[in-house]
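*Asks:* Mind having a look at this structure? Questions to follow.
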Amino acid sequence: METQASMSRRKQRIAIIELLYQKDMGRSPEIPEIPFVSEALKTIDSEQAIIDATIEDALVGYTLKRLSTVDRAIIRLAVFELRHTQTPSEIVLDEALHLTHIYTDMGDKKAVAFNNKLLDSILKGLKKSA
């Protein structure tokens, strides 16, 4: 894996999603020594119940377990960034939707539309509770 100096934030997000996917599949991934990646993974792990509850609260007629493993990883990362970083929410949502487009959209933009609506609902919920 590259070092932080050579990894863009997008590449770091991709690494996080891959590691969250591995963890969700029952593996124990090795956490790299990249501050943003390791901080995100440790926080998502320690606050997974809170993060998942935040996602569940925003889902309508759906459950967290029905999301694909990759979409769960993307949304969990977005919730982490919205709650724990200074990254503007517009960038967090844009990045999450870009990654959805790359990894889970089947060309019909349904996954992007679903995640967009879900993330918008999550953001509104976080703003209300702030």
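Computed from the coordinates by the stated procedures, all read-outs in this text should not be read as laboratory data. Keep in mind that what you see is a predicted model, and the values were worked out from it rather than measured. Counting neighbours? That spans all protein chains shown, and the Cβs are built from the backbone with ideal geometry, glycine included.
*Asks:* Using the Karplus curve 6.51 cos²θ - 1.76 cosθ + 1.60 with θ = phi - 60°, what ³J(HN,Hα) values do you get for each residue of the stretch 7-20, in whole Hz, with x for Gly and Pro?
*Replies:* 9, 5, 4, 4, 5, 5, 4, 4, 4, 4, 4, 4, 6, 5
*Asks:* Quick query: amide H of Thr104 versus all other amide H atoms, modeled in the peptide plane; which residues come in under 5 Å with a sequence gap of 5 or more or a different chain?
*Replies:* Amide H to amide H, under 5 Å and 5 or more residues apart or across chains, Thr104 pairs with nothing.
*Asks:* Under the 0.36 nm per residue contour assumption, what length would be gained going from the current alpha-carbon distance of Glu56 and Glu90 to full extension?
*Replies:* 10.1 nm
*Asks:* So what's the projected area for the chain, the Cα convex hull averaged over all directions, in nm²?
*Replies:* It is 7.9 nm².
*Asks:* On to the next question. Show me, for the stretch 72-82, the HN-Hα J-couplings you get by feeding each phi into the Karplus relation (A = 6.51, B = -1.76, C = 1.60, θ = phi - 60°), rounded to Hz, glycine and proline as x.
*Replies:* So the Karplus estimates, Gly and Pro as x, are 4, 5, 4, 5, 4, 4, 4, 5, 4, 5, 5 Hz.
*Asks:* Work out the FRET efficiency for Thr63 and Lys11 from their Cβ-Cβ distance, taking R0 = 35 Å, and round it to the nearest 0.05.
*Replies:* 0.70
*Asks:* Let me ask another. For Lys128, list the lysines whose Cα falls under 21 Å from its own Cα; do not include residues on the same chain fewer than 8 positions away.
*Replies:* Qualifying lysines at Cα under 21 Å: Lys117.
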